[in-house]
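The values are calculated or read from the model by the stated rules, or taken from the named source; none is laboratory data. Just so it is clear, the model here is predicted, and its values are computed rather than measured. No Cβ is skipped: glycine too gets one built from the backbone with ideal geometry, and neighbour counts run over all protein chains shown.
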Amino acid sequence: MELSYYPLTMEALDQADAEALCLFVSEDERPLTGLAGLVDWRLSGRLSRMIRAGLVIGAAGEALLTPPGMRLAFKKLFVFGLGGARTDEELAARLADAMRRLAQAGVRDAALQLPARLAPERGVQTLMEADGALVRALVFTPEPAKLVTSLSQSSGTSQVERRVVKVPSPPKASPPPRTRQRPTPAAGSPPVPRPAGAITTPPSSEPVQSSDAPGFRPPPPRPQRYVPPPPKETGPKKKR
């Protein structure tokens, strides 16, 4: 069996390539955590709605096959119930039953996270010894390197091909280039002399338009005030 270990992140979930995705849900796991929580978030709370509707309760021996939809790259989505199992023996039995059901469905490679309360060494051993064991398993774990080190130090796992897949985080958006601005002189500072031959444009409150722009009309001339001259006196003046 080929085992690949992926970090428990949304980027790794999007890049994982397997036929089926397997989720393990306990009766007392509300809200969903781990890989089931990531999948529920990716599916916009679809698993939580199924739990509220009573389609999934996490009972022991419960198995549900549902289409994953367009937001996941897997072809099949399995949800297996763990019930109230807490010991390694009970959890390993639930894991072995899930692997047996996957084999009956013709699944050869799957992505999953081992039950949280199950010891990793016991979980990997169960994956290897289960009836109709998978050819390839993608195991999600919060610390892949630490898990591989722990497995390499334990016995009975030397025959398994182990590989840690490092998923790079998405690139950070680079800030826009900064434009250089001309410094504004402080109040009371002497004016900056202009170079010889420079053209000084008086400030204007009206926007400047180009004569080549379509629909450009020159501004009308300013109105001029006309003051008529006083009327001229006609005829001889009367003598007093």
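Figures for the structure shown
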{"read-out": "Those residues of the stretch 1-31 which are over 19 Å from the mean Cα position of the chain (by Cα) and surrounded by 19 or more Cβ atoms within 10 Å (Cβ to Cβ), in sequence order", "value": "3, 4, 5, 18, 20, 21, 22, 23, 24, 25, 26"}
{"read-out": "Lone unmet requirement of (1) in contact with an Asp or Glu (Cβ under 9 Å, 6 or more places away or on another chain); (2) on the phi < 0 side of the Ramachandran plot; (3) buried (at least 17 other Cβ atoms within 10 Å of the Cβ) for residue 116", "value": "(3)"}
{"read-out": "Residue count for the stretch 64-86, restricted to those that are among the charged types (D, E, K, R) and without any contact (Cβ under 8 Å) to a residue 40 or more places away in the chain", "value": "2"}
{"read-out": "Count of the stretch 93-142 residues which are outside any helix (DSSP H, G or I) and not small (Gly, Ala, Ser)", "value": "18"}
{"read-out": "Subset of the stretch 46-82 (residues that are among the aromatic types (Phe, Trp, Tyr) and closer than 19 Å to residue 117 by Cβ)", "value": "80"}
{"read-out": "Cross-chain or 6+ apart pairs with Cβ under 6 Å, the stretch 87-98 first and touching a residue at least 60 places away in the same chain (Cβ under 8 Å), then aliphatic (A, V, I, L, M) and part of a loop (DSSP other than H, G, I, E, B)", "value": "94/85"}
{"read-out": "The one condition in (1) among the acidic types (Asp, Glu); (2) touching a residue at least 60 places away in the same chain (Cβ under 8 Å); (3) over 27 Å from residue 131 (Cα atoms) that residue 28 fails to fulfil", "value": "(2)"}
{"read-out": "Members of the stretch 24-48 that are under 14 Å from residue 141 (Cα atoms) and in a loop (DSSP other than H, G, I, E, B)", "value": "33"}
{"read-out": "The listed residue being touching a Leu at 6+ places or on another chain (Cβ under 8 Å), over 28 Å from residue 153 (Cα atoms) and modelled with pLDDT under 95, out of 133, 73, 85, 105", "value": "105"}
